[in-house]
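All remarks here apply to the structure that follows.
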Amino acid sequence: MISSYEKSLFEQQTPYLQWLKERKSAQQIERKLIKGKHILKLPFFSCEDSLETVVKDSAEVLPDTDFVLFYGAKGFLEQDAEYFFAEYFEKHENVEIVYADEDYLGELQEFYGEKVQETEQALAYRFKDTSYYRGKPWFKPDYSPDTLRSFFYFGKIFAVRGAALVELLAGKKQQSIYEIVKRITEKNNYAGHISEILFTNEVKMKDNETYTEENREKLIENEMQISNANAKQENIVLCKQNNDSSLISIVIPSKDNSNILKRCLLTLVEFTDYPYYEIILVDNGSTEQELVCIRELITQAQEDYDLKWADDEEPKSPLSIQHIYQKAEFNFSKMCNLGARAAKGELLLFLNDDIEIIDASWLRRMKEQAQMAHVGAVGAKLYYPKAEESEAYRIQHVGITNMGIGPAHKLAGMEDKGDLYHGHNRLTYNMLAVTAACLMVRRECFWEVGGFDEELAVAYNDVELCFKLYEKGYYNVQRNDVVLLHHESLSRGHDNSPEKKARLEQEKTMLYKKHLLLKTKDPFYSEHLVQWKKDVAYSCNYLYPYDKISRPRLLSLAEVGKLPKEHQNKYIRKLTGENLSMFEIDLAEVSDTEGTVAIQGWYVMREHDNAVLERTLLLKNIKNQEIYELTIYPKLRYDVDALFQDRAENVRVCTKNTALAGIQCLVDKNMLVSGEYQIGILVDTKKQLWMKRKICWKKDCIINV
């Protein structure tokens, strides 16, 4: 018999399996759409397969085929896959090609961690008659032309109208699937995307042999290498086309940071292998002492530039460095616009003064991308500096996604090792936004959308610029082959104070007022990925009960009167068992943008079976003493569980089942009276004793609603 604790534990360890279960029950497919349709299903092994080889003897039936469904030869089509494609083509008459999402098969522990156990309940989640489970979902972005140029992100499931294939096959032989897909998408400048998992990649290489994680990564790596080989050929042509001497204007806002600026300027001059640039320093009020240092630094940078290019066959003009000095309050947008107005270059590069150049070809590569007619802003991969030389670099920026909670740097803080979510740390990707810590854009595009919005003085100005470019029809691009170091926030400090947090919240509100249609929307970040909580990885967006907004219940005076008291005397606390309570609050913050109060923490009662505890969160208004009650749903906390597992053998009565000790509540703030609140917890041990209910208040944690 599976206990409710075991059931809940398994469900919290396997969010994607729960997502699949919920998604399946919610899907409504119009099966009638497939009646009378001529559908040709063709398996393939690789995007480099010859289309003629895949089609083989089916070519003569193409003219009568409504659409051809291509899928991986090693895997399983979702039962309703052809219905989804038929429905899409029916509703989008002008679309010639459409792709869908996919996942993989593997061992339970491989996908969901070594701690998850294959219980009786787990067996019900096995895939068909295999011993494997579905995992590692690949939720793809909407049509992304630069991502497709980078690698074949359509993957192992897509469909093409028969008429489009007939037209492309005529008179041309031995075209790869990849080439055909690119020709169709480039002709239409579009591809459809069905945001559903319609293909599962098989794990069997041959009978009784399964893919390990290493083998699976090799499979993905192989697809990327094939795609990259094609992309590199195109880039060779692109480089020849763009082998010009276009002037790049590098705009660097800076004030009173000569030591930081020195590293930025001198590494820029030392390492950059593209000589056609000017530098515009925009200074909003450095001290006289700093101005002397900056002037000396400008002279040094110009001398270093002359030495670097002295032996070059083509004579170079001296390095132009303008220093625009205007005393003013800090306004990043205004400073960047001021520098852009003084720029002479066809391309503008906005660069923080705390950037360190470590990649010689960085400027050339960004230029090649930014000069494409369909491209808006171009961003670079930024690293945090290493704490120790032996460490791997940690990612600071590989693009910005527009999540439900707002703009976020994905993969931030993660080690740049291997392939993170299908190359988001390695390959070129279309993103909705990139950071202005290093952002290149054509000058005509920049002014076409009005430059940086000066109402956004500190935060989200780069996101707002990228939003405007996207709305004008441009694609913003993240180049992960351009790598720089970012000594983040050395210039103006971190946004940790209450005042800075309030300003950040205010500017986020302003951002979405200006772009209502993009609130909670990002075409390059699937709706099925995490939206409403902080998450740097590309995690599945399965909402557990604790992820959903709660409505607090105001306790009546009679209910408040019956609440147990919290004693301060240590002997009484020991007698009542209150001393066994361990209650922590990790996060308590208010979001005016979302209209919520977020509370996170954990509670464990030592020397008890925590699986049988009933817990309720309490919010007490300090002024009027009113108390609100909130339901606490179990939340997995491996870190808390680890605190008590090591002690279990050394105590007379074990502290058991602490893995679900987490607390997470998202409260509708409009349901609370304004004021300061204390957080507490009410626990029922289910014992038939006078001391069965216990209460604990966090006096050092106050929320101001």
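Taken together, the values in this text are just the output of simple stated rules run on the coordinates, not laboratory data. Computed from a predicted structure; not experimentally measured. As a convention, Cβ positions derive from the backbone with ideal geometry for all residues, glycine included, and neighbour counts pool all protein chains shown.
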Legend entry - Distance (nanometres) between label positions extended 7 Å along Cα→Cβ at HIS567 and LEU169: 8.5 nm
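Please rank MET431, MET510, fewest neighbouring Cβ atoms within 10 Å first, as an exposure proxy.
On the way: MET431 28, MET510 17.
Sorted ascending by nearby Cβ count, the order is MET510, MET431.
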Legend entry - Pairwise label distance in nanometres, GLU391 with LYS344, each label 7 Å out on the Cα-Cβ vector: 4.3 nm
Legend entry - Within straight-line cross-link reach of LYS182, aspartates and glutamates at Cα separation under 18 Å, skipping those fewer than 8 residues along the same chain: GLU48, ASP49, GLU52, GLU96, ASP142, ASP146, GLU167, GLU223, GLU234
Legend entry - Estimated FRET transfer efficiency (ARG503, PHE45; beta-carbon r; R0 51 Å; 0.05): 0.40
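Cβ under 14 Å from PRO141's Cβ, PRO141 left aside: what net charge do those residues give with Lys, Arg +1 and Asp, Glu -1?
Charge balance near PRO141 sits at -2.
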Inset, instruction - Go through LYS344/LYS468; LYS140/LYS262; LYS533/LYS570; LYS24/LYS533; LYS21/LYS381 and tell me which ones have a Cα-Cα distance over 30 Å in this structure. - result: LYS140/LYS262; LYS533/LYS570; LYS21/LYS381
Inset, instruction - Quick one: of LYS156/LYS386; LYS255/LYS316; LYS519/LYS698, which pairs are farther than 32 Å apart, Cα to Cα? - result: LYS156/LYS386; LYS519/LYS698
Legend entry - Translational D in µm²/s for the range 306-383 (Stokes-Einstein at 20 °C, 1.002 mPa s, Kirkwood Rh from C-alpha pairs): 138 µm²/s
Legend entry - Taking VAL530, VAL458, VAL61 and counting other C-beta atoms within 10 Å, the order from fewest to most: VAL61, VAL458, VAL530
Inset, instruction - Set Lys and Arg Cβ to +1 and Asp and Glu Cβ to -1, take the dipole of the range 453-576 about its Cα centre, and tell me which of SER539, GLY561, ALA502 lies farthest positive. - result: GLY561
Inset, instruction - Could you quote the convex hull projected area for the chain, Cα atoms only and averaged over all directions, in nm²? - result: 38.6 nm²
Legend entry - Sparse-neighbour loop sites [GluC sites (Glu not before Pro); the range 394-456; at most 16 other C-beta within 10 Å; DSSP]: GLU454, GLU455
Inset, instruction - Rounded to the nearest 0.05, what FRET efficiency do ASP609 and SER195 give with R0 = 60 Å and r taken as the Cβ-Cβ distance? Could you check? - result: 0.90
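Taking a ≥ b ≥ c as the square roots of the Cα gyration tensor eigenvalues, with a/c under 1.5 meaning rounded and otherwise prolate when a/b beats b/c, else oblate, which class fits the range 546-704?
oblate
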Inset, instruction - Report, by chain and number, residues whose modeled amide H sits under 5 Å from the one on SER176, excluding near sequence neighbours (fewer than 5 apart, same chain). - result: LEU51
Inset, instruction - Step through the residues of the range 258-268 one at a time and calculate ³J(HN,Hα) from phi using the Karplus curve (6.51 cos²θ - 1.76 cosθ + 1.60, θ = phi - 60°), rounding each to whole Hz and writing x for Gly and Pro. - result: 4, 5, 5, 4, 4, 4, 4, 5, 6, 6, 4
Legend entry - Residues of the range 425-439 with amide N under 19 Å of the 7 Å Cα→Cβ point at GLU186: 428-430
Inset, instruction - Estimate the FRET efficiency between ASP129 and ASP700 by the formula 1/(1 + (r/R0)^6), using the beta-carbon distance for r and 60 Å for R0, to the nearest 0.05. - result: 0.60
Legend entry - Relative contact order (%) - the range 546-704, alpha-carbon pairs under 8 angstrom, separation at least six: 32 percent
Inset, instruction - List, largest first, the extents of the alpha carbons of the range 242-518 along their principal axes, each in whole Å. - result: 52, 44, 42
Legend entry - Order by protection proxy (mean Cβ within 10 Å, highest first), peptides 116-124, 574-582, 475-483, 64-72: 475-483, 64-72, 574-582, 116-124
Legend entry - Protection proxy ranking of 595-608, 322-335 - average other beta-carbon atoms within 10 Å, highest first: 595-608, 322-335
Inset, instruction - Take LEU587, project a point 7 Å from its Cα along the Cβ direction, then tell me which residues of the range 521-551 have their backbone nitrogen under 12 Å from it. - result: 531-536, 547
Inset, instruction - Mind giving me the nanometre distance, one decimal, between the label points for LYS115 and ASP668, set 7 Å out from Cα along Cα→Cβ? - result: 3.3 nm
Inset, instruction - Name all residues of the range 177-193 having a backbone nitrogen under 19 Å from the label point set 7 Å from the Cα of LYS521 along its Cα→Cβ direction, giving them as ranges. - result: 190-193
Legend entry - Dipole in debye (nearest 20) - the range 242-518, about Cα centre, beta carbon charges: Lys, Arg +1; Asp, Glu -1: 980 debye
Inset, instruction - Can you grab the distance from the C-alpha centre of the range 562-596 to the C-alpha centre of the range 372-444, Å, no decimals? - result: 41 Å
